[in-house]
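Note sheet for the following structure.
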Amino acid sequence: MTAVVMLLVRAPKLLAALDVLGSLAVAILSCLIAKEVLRTGVLSAGVLRADALTAIFLLLISLLALSTSIYTVGWMKEELAEGAMHEAHLRYYYALVHGFIGTMLCTVLADNLGVLWIAMEGTTIMSALLVGFHGNRLALEAAWKYIIVTTIGISFGLFGTVLIYAAATHAQGGASIDAMSWSAVAGMADRLDPGIVRMGFIFVVVGYGTKAGLAPTHMWLPDAHSQAPSPVSALLSGVLIKCALFGIIRFHTIARGACGPEVSGDLLLIFGLLSVVFATPFILAQNDLKRLLGYHSVEHVGIVALGLGFGGTIGTYGALLHVINHGVTKALVFFVAGDVIGRYQSRTMESIRGLLRLAPTVGVLLLLGAFSLAGVPPFSIFVSELLVVQAGIASGHGIVVGVFLLMVVIIFAGLIHHAGGMAFGVPEPREYHSRTSKAPVVGMLLLALVMVMLGLFIPPDLHRLLERATEIILG
């Protein structure tokens, strides 16, 4: 609804106000849904359903949407002043952002597996237009690459969905709408043909995994994240790839019930470890700030897959917690990156030096985000990574855990090297452009507060949601 209204508005200040108010409304509704889910367990209406797993993703989407809208107020002023954005295009930008958020909300609210796939494809359309919004050669190239790779990938996901539907139809003795309902199919998972479900899940992981950025089908992700406007990059990395993981988790639950935990778990372990290993050398060699963050997303999506693959209560809980921790931290760091790029007029990390001297608040936020991404205690990502490692050891996957820890240590060294150079290097004031708006810092501080809080303690209601979602996944 907000997206449609924005197409009718031209005034920049009114558009910014609608952006914040629309995101605030989504946040309030998400909190109300989460509260009701805690009270009743499940909310359902036709093809839509909200359980504890849905509530976790709703809260993450709404938090990042709200912080992004606050950040965008000041970011957009600077972009307009520098000529990077044009006032005539603002209504289209804001409408696309809210359309993008709407499709992600539909994805995590879908009970019907066909609606889930359609909503996921809707996120591709909306976000691709935003990736190419600047209209330059690199942005358009990244947008087309994103569309082609993820559309081919998600077609595999559709085929996997059809196979699961076929198995459900056979199990219930005929076609019906229930054969496309996740809740109904999960309830009859033990009666599904294991061979068909196994094949279907392979296609689903390849398809939805492409959209999630799992290696080796992650090639679109660094380009799209680097060329999109920074607020969009935060949404892409913070929640879009998590929505694709949401789809994988739903099918993972069905596969566990039909084939046992080993089949889907082992497949997720393979893709998860590949993602961490593939990302490592690119993180070390990268000199473009936003591409660096893109490859970090590949690593952390892999960590979520590892947690799900290790399984058990600890691994699954840790994977879900990592979805939240990485979403919040990565959105924060993309906000910082957008601000830093505006100040230095460069994305090359060698050109970004002395940030702590020239913009102390932003410099501190950069270091906080970098330490969190690197898994340094007591930040939130350390907690979820520790749970994933514990689950790996408990499940007897010592070699996988060893390789994972080796990659994490290497990535830690590379990330701290990059962040330290930008924060502590010798600044060159002639290349520095001061930023006057305070709104971006407010958006960053909101996420930084959540990031630090989650490293120190998990709010009781969130803990209850995580426990219930873990129970749903494990059946």
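The values are calculated or read from the model by the stated rules, or taken from the named source; none is laboratory data. From a predicted model like this one, the values you see are computed outputs, not experimental measurements. Note that we place each Cβ from the backbone using ideal geometry, even for glycine, and neighbour counts take in every protein chain shown.
Results, tabulated for the structure shown:
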| quantity | calculated |
| --- | --- |
| Residue within segment 254-264 that is surrounded by fewer than 20 Cβ atoms within 10 Å (Cβ to Cβ), of a type in the set (S, T, N, Q) and either touching a residue at least 60 places away in the same chain (Cβ under 8 Å) or over 30 Å from Ser181 (Cα atoms) (or both) present | no |
| Any hit, segment 13-22, residues being crowded, with 24+ Cβ neighbours inside 10 Å and in a helix (DSSP H, G or I) | yes |
| Subset of segment 43-60 (residues that are aliphatic (A, V, I, L, M) and in contact (Cβ under 8 Å) with a residue 24 or more places away in the chain) | Val47, Leu48, Ala50, Ala52, Leu53, Ala55, Ile56, Leu58, Leu59, Leu60 |
| Which listed residue is of a type in the set (Val, Ile, Thr), over 23 Å from Asp190 (Cα atoms) and touching a Gly at 6+ places or on another chain (Cβ under 8 Å), from Val298, Val323 | Val298 |
| Counted residues, segment 282-315 - those being among the β-branched types (Val, Ile, Thr) and under 12 Å from the mean Cα position of the chain (by Cα) | 3 |
| Some residue of segment 150-170 being among the small types (Gly, Ala, Ser), without any contact (Cβ under 8 Å) to a residue 40 or more places away in the chain and not in a helix (DSSP H, G or I) | no |
| Identity of the residue in segment 423-445, assigned to a helix (DSSP H, G or I) and at pLDDT below 70, that ends up surrounded by the fewest Cβ atoms within 10 Å (Cβ to Cβ) | Arg430 |
| In segment 119-169, the residues that are small (Gly, Ala, Ser) and over 28 Å from Gly200 (Cα atoms) | Gly132, Gly135, Ala139, Ala142, Ala143 |
| Contacts under 9 angstrom Cβ, first residue in segment 6-30 being in contact (Cβ under 8 Å) with a residue 12 or more places away in the chain and among the hydrophobic types (A, V, I, L, M, F, W, C), partner part of a helix (DSSP H, G or I) and surrounded by fewer than 17 Cβ atoms within 10 Å (Cβ to Cβ), 6 or more apart | Met6/Tyr92; Leu7/Tyr92; Leu18/Val5 |
| Conditions (1) touching a helix residue (DSSP H, G or I) at 6+ places or on another chain (Cβ under 6 Å); (2) under 25 Å from Phe57 (Cβ atoms); (3) modelled with pLDDT of 90 or more; number of the one not met by Gly475 | (3) |
| Pair list, Cβ < 7 Å and 6+ apart or interchain, from segment 73-87 residues that are within 14 Å of Ala16 (Cβ to Cβ) to residues that are assigned to a loop (DSSP other than H, G, I, E, B) | Gly74/Ser437; Gly74/Lys438; Met76/Met85; Lys77/Ser437; Glu78/Arg435; Glu78/Ser437; Glu79/Met85 |
| Test set (1) surrounded by fewer than 22 Cβ atoms within 10 Å (Cβ to Cβ); (2) closer than 20 Å to Phe334 by Cβ - Leu405 fails condition number | (2) |
| Which listed residue is among the polar types (S, T, N, Q), buried (at least 23 other Cβ atoms within 10 Å of the Cβ), out of contact with any Pro (no Cβ under 8 Å at 6 or more places or on another chain) and modelled with pLDDT under 95, from Ser380, Ser351, Ser346, Ser384 | Ser380 |
| Candidate set from segment 167-185 (those that are in contact with a helix residue (DSSP H, G or I) (Cβ under 6 Å, 6 or more places away or on another chain) and surrounded by fewer than 20 Cβ atoms within 10 Å (Cβ to Cβ)); member that is farthest from Tyr146 (Cα to Cα) | Ala171 |
| From Ile248, Ile196, residue being among the hydrophobic types (A, V, I, L, M, F, W, C), in contact (Cβ under 8 Å) with a residue 12 or more places away in the chain and under 28 Å from Leu60 (Cβ atoms) | Ile248 |
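Yes/no matrix, rows are residues, columns are (1) of a type in the set (Ser, Thr, Tyr); (2) modelled with pLDDT under 95:
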site	(1), (2)
Thr72	yes, yes
Leu80	no, yes
His86	no, yes
Arg91	no, yes
Phe100	no, no
Met104	no, no
Ala110	no, no
Leu116	no, no
